[in-house]
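Below is one structure, written out as structure tokens; the observations come after it.
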Amino acid sequence: MRKFNNVIVRRPCRAMTEGITSGLYPGKPDYDLALIQHDAYIEALKKCGVKVTCLPADENYPDSCFVEDPAVLTEKCAVITNPGAASRNGEKISIEEAVRQFYPEDRIEHIEYPGTLEGGDVMMCGSHFFVGRSERTNDDGIRQFKAILEKYGYTCSEVKLEEVLHLKTGVNYLENNNLLVSGEFTDKADFINYNKYVIPEEEAYAANCIWVNDTVIVPEGYPAVLSAVQSMGYKTITVDTSEFRKLDGGLSCLSLRF
Ligand code: CIR
């Protein structure tokens with residue numbers, strides 16, 4: 001059974017109010033409320049038995065609290081990605097400094113231009129990784145990522161995205177062969193071998209739940225998903241992410257779990 005021991009998060013910065021947004025969930029984030037929600041998120045993670053490393057806010061990068069995107073951390077290696085969003089690309093530099101505390105030099109890999117890749121497009125299912133081809137993650141990024149993973153004995157397959165920002169915006173793995181799927185992922189052949197819970201359209205945002213050591217953290221305000229996850233046998237904790245949702249960010253985006 002998989003076990004996460006560590007989590008990296010980054011404090012939201014004041015400039016988060018200028019973060020990238022599709023406008024799907026309208027409004028500007030309330031910074032003070034975002035900090036309160038971030039505190040609650042950290043507390044929830046601690047309850048799941050992980051050590052949380054909280055990096056300082058970085059005002060140069062409005063979206064930098066979404067630490068999932070500039071790195072992918074596995075049991076065997078760390079991959080510093082090359083974020084496809086221009087305003088976020090520089091986040092890879094400071095995340096690498098943090099990752100160096102946990103991985104030896106020869107286990108830290110990089111996605112290089114012309115390849116781009118963001119961690120939100122990567123879903124780890126045991127030793128297999130699904131990677132979404134999105135507006136942020138391109139063919140060359142996927143080719144490089146696959147080659148890195150194969151070096152460490154992992155496998156990788158591509159999933160084409162049509163609508164959502166990142167792969168994990170719409171599909172998330174809860175271990176034990178269980179997936180939460182929404183929208184365009186509901187009928188994709190890629191996921192045929194998994195038990196799928198199909199998220200009702202009005203709760204699509206809650207496809208982005210995270211499994212942390214047998215507890216599933218669920219965003220607050222999504223009763224159908226919460227009760228489905230509980231009936232699958234998981235312990236649950238809910239965390240309000242309303243201010244991050246305004247920037248298209250969810251529970252997985254806010255941490256690196258490894
Ligand atoms: C962005 O558009 O990059 C941020 N506003 C949201 C990033 C969400 N990250 C994720 O899904 N992994």
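The values are calculated or read from the model by the stated rules, or taken from the named source; none is laboratory data. The structure displayed is predicted, hence computed values, not measured ones. Protein only, heavy atoms only, side chains kept; ligands, DNA and RNA dropped before computing areas. Shrake-Rupley method; radii C 1.70, N 1.55, O 1.52, S 1.80 Å.
In terms of the ratio Rg/(2.2 N^0.38 Å) built on C-alpha atoms, what value belongs to region 1-121?
After normalising by residue count via 2.2 N^0.38 Å, the value is 1.09.
When the distances between all Cα atoms of the chain are binned every 10 Å from zero, what whole-number percent does each bin get?
7, 33, 41, 18, 1
Under 5 Å between amide hydrogens, which residues at least 5 positions from Val239 or on another chain qualify, with H placed 1.01 Å from N in the peptide plane?
Here Val218, Glu220 satisfy the definition.
Between the alpha-carbon centers of region 227-245 and region 16-38, tell me the distance in whole angstrom.
20
If I take every Cα pair under 8 Å that is 6 or more residues apart in the chain, average their sequence separation and divide by the length, what percent do I get for the relative contact order?
Computed over the chain, the figure is 23 percent.
Of all the accessible heavy-atom surface of region 6-257, with the other protein chains kept in place and a 1.4 Å probe, what percent is carbon and sulfur?
Solvent-exposed carbon and sulfur of region 6-257 make up 49 percent of the total.
Report, by chain and number, residues whose modeled amide H sits under 5 Å from the one on Asp58, excluding near sequence neighbours (fewer than 5 apart, same chain).
Cys13
Can you give the helix-only mean residue ellipticity at 222 nm for the chain, where every DSSP H stretch with n ≥ 4 adds -39500 (n - 2.57) and the sum goes over all residues, rounded to the nearest 500 deg cm²/dmol?
-6000 deg cm²/dmol
Arrange the residues Met124, Met1 by how much accessible surface each exposes, largest first, with a 1.4 angstrom probe.
Sorted by accessible area, descending: Met1, Met124.
Compute the accessible area per residue over region 6-257, keeping the other protein chains in place, probe 1.4 Å, unit Å².
On a per-residue basis, 41 Å².
List the residue ranges in the chain for DSSP H helices whose C-alpha atoms run 20 angstrom or more along the long axis and whose Kyte-Doolittle average is -1.0 or above.
Sorted by number, the helices that extend far enough and score high enough are 31-47.
So which of Lys3/Lys151; Lys92/Lys246; Lys51/Lys188; Lys51/Lys151; Lys47/Lys76 end up more than 31 Å apart by C-alpha?
Working: Lys3/Lys151 22 Å; Lys92/Lys246 23 Å; Lys51/Lys188 35 Å; Lys51/Lys151 28 Å; Lys47/Lys76 25 Å.
With Cα atoms farther than 31 Å apart: Lys51/Lys188.
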